[in-house]
Amino acid sequence: MENFVYCTPTKLIFGKDAVLNLPNVLKPLGKRVLLTYGGGSIKKIGLYDKVKELLADFEVYELSGIEPNPKYTTSVLGGVRLCKEHNIDVVLAVGGGSVLDCSKAICVGALYDGEPWDLITCKVKAKAALPLVDILTLAATGSEYDSGCVISRTETNDKVGYLDDLLFPNTSILDPRYTFSVSKKQTAAGAADAINHIMEQYFCEKHSLMADGMCESVIKSLIESAKIALKEPENYEARGEFMVCCSLACNKILSIGNSPSGWPCHGIEHALSAYYDITHGEGLAIITPRWMKHILNENTMERFVSFGTHIFGIDSSLPEKDIAEKTIESVYALFESFSMPMQLKDVGIDESRLEEMAHHIAVSEGLENAWVPLTESDILEILKASL
Ligand code: NZQ
Ligand code: ZN
């Protein structure tokens, strides 16, 4: 086992009417609240009105219109300005991963006098952050239970993952009923994202039986609950199990003691979203099987065999190479069965900028240090195989 420090200071409040805890959660954090949300889904499901009712005793300011793949110049800087102007005490994010991520960046930017991009790109270490409380409406990223955020800067085609313990939410409120309205497309994308989060931790050099078992169990649960949620969007048990799995998938608990993998699929996908503004989980569904194929060799075989036999029940008496190939086919078939786009051209990406993207990824993502190192030409091959 590798050395580790593990601490998740976020309180999760899960279940029907969990939102009623909101006033008590916010009270010790302050009076002036910045309510942040996206393009209006929270109004359609009645959550906006409920939150406003619960915040009757608070001074509330609002930042709306946070984009999917949240943008630095509009949303992050807009939120930082509001926090400084109104001396905000606490940020309340209501929405999916994009709203939460943007709000995390706002929380650190609000207490910093310089350019917040320097914090996001880790040029400067943040010293403090406003507290963040969130009400999650889309299960996928795990942002509600992790210390990361991902911010896009369109002008420079950057999509940067920023990690800092200051970004852990104070409290995350999870009522599965607020995810009933999530579309099939976003449900499938959320499943592919969370499954890939676990794969990024499972495919690594050093791992334990314990970590493998936790990863496998949560992936199996994600697959089964996603299948049900896609057919029956208002199935509370399925949406609930799916939601908790997503929270656990990205917060490092499942791979405790494992060696780092470098998260290669995410490194590649972030460039696709940065250049083409595509849905993160769809990009991952396309990249993951191609990356698997690219890194399969004698040294990596054991991970494929373990994954394929334990997750998909592939016959363990087959030759290892056959099991590994069937494992890749099974991952592809799984995402395809969720009706996901499986080629870059399905999400509007052609060959014209592949080389530019491969170079951008090689320079900015450090994938030469991944479990299986990826050079610029490896990345280009994976992108070409995904067309
Ligand atoms: O903007 P609104 O109107 O709210 O609509 C959103 C958006 O259009 C909609 N939606 C959200 N809740 C809904 C709903 N529609 C109906 N009913 C509801 N209850 O769904 C659309 C997508 O929302 P978004 O927040 O963008 O999706 P997701 O949660 O998948 O977040 C994706 C972002 O998170 C980043 C991704 O890169 C991407 O930018 N990630 C964040 C991570 C983290 N913080 O740890 C890790 C991930 O790997 C990922 O990179
Ligand atoms: Zn992800």
More than 14 Å from ligand 1 (Cβ to nearest atom) and among the hydrophobic types (A, V, I, L, M, F, W, C) - does that describe any residue in the range 185-192?
-> no
Please verify whether the range 45-66 includes one or more residues that are in a loop (DSSP other than H, G, I, E, B), at pLDDT 95 or above and within 20 Å of A129 (Cβ to Cβ).
-> yes
Expected output for the range 302-315 (first residue in contact (Cβ under 8 Å) with a residue 60 or more places away in the chain, partner assigned to a helix (DSSP H, G or I) and of a type outside the set (A, V, I, L, M), Cβ below 7 Å, 6+ apart or cross-chain) is R303/Y202; S306/D212; F307/Y202; F307/T327; H310/E216; I311/E216; I311/K220
Among the residues of the range 110-121, is any within 19 Å of the chain's Cα centre (by Cα), in a helix (DSSP H, G or I) and more than 16 Å from ligand 2 (Cβ to nearest atom)?
-> yes
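Yes or no, residue by residue, for (1) among the β-branched types (V, I, T); (2) in contact (Cβ under 8 Å) with a residue 12 or more places away in the chain; (3) near ligand 1 (Cβ under 8 Å from one of its atoms); (4) in a helix (DSSP H, G or I):
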| position | (1), (2), (3), (4) |
| --- | --- |
| I135 | yes, yes, no, no |
| A140 | no, yes, yes, no |
| E144 | no, yes, no, yes |
| P169 | no, yes, no, no |
| S172 | no, yes, no, no |
The residue from L100, L77 that alone is within 30 Å of D118 (Cα to Cα) and within 16 Å of ligand 2 (Cβ to nearest atom) is L100
Can you tell me which residue within the range 26-44, out of those that are crowded, with 22+ Cβ neighbours inside 10 Å and assigned to a helix (DSSP H, G or I), is farthest from ligand 2 (Cβ to nearest atom)?
-> L26
List every residue pair whose Cβ atoms sit under 8 Å apart, with the two residues 6 or more apart in sequence or on different chains, where the first one lies in the range 359-387 and is among the charged types (D, E, K, R) and the second, anywhere, is surrounded by fewer than 14 Cβ atoms within 10 Å (Cβ to Cβ).
-> E368/T375; K384/E351
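Residue by residue, here is whether (1) buried (at least 19 other Cβ atoms within 10 Å of the Cβ); (2) hydroxyl-bearing (S, T, Y) holds:
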residue	(1), (2)
T171	yes, yes
T179	yes, yes
K185	no, no
A194	yes, no
M199	yes, no
S217	no, yes
S225	yes, yes
M243	yes, no
If we scan the range 204-217, do we find a residue that is more than 16 Å from ligand 2 (Cβ to nearest atom), over 17 Å from E302 (Cβ atoms), of a type in the set (S, T, Y) and touching a helix residue (DSSP H, G or I) at 6+ places or on another chain (Cβ under 7 Å)?
-> no
Where M243 falls short, out of the listed (1) hydrophobic (A, V, I, L, M, F, W, C); (2) part of a loop (DSSP other than H, G, I, E, B); (3) touching a Pro at 6+ places or on another chain (Cβ under 6 Å) = (2)
Is it true that some residue in the range 81-103 is in a helix (DSSP H, G or I), without any contact (Cβ under 8 Å) to a residue 12 or more places away in the chain and within 16 Å of ligand 1 (Cβ to nearest atom)?
-> no
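The values are calculated or read from the model by the stated rules, or taken from the named source; none is laboratory data. Predicted model only: the values in this text are computed from it and were never measured. Cβ coordinates were reconstructed from backbone atoms using ideal geometry, including for glycine residues, and neighbour counts include every protein chain displayed.
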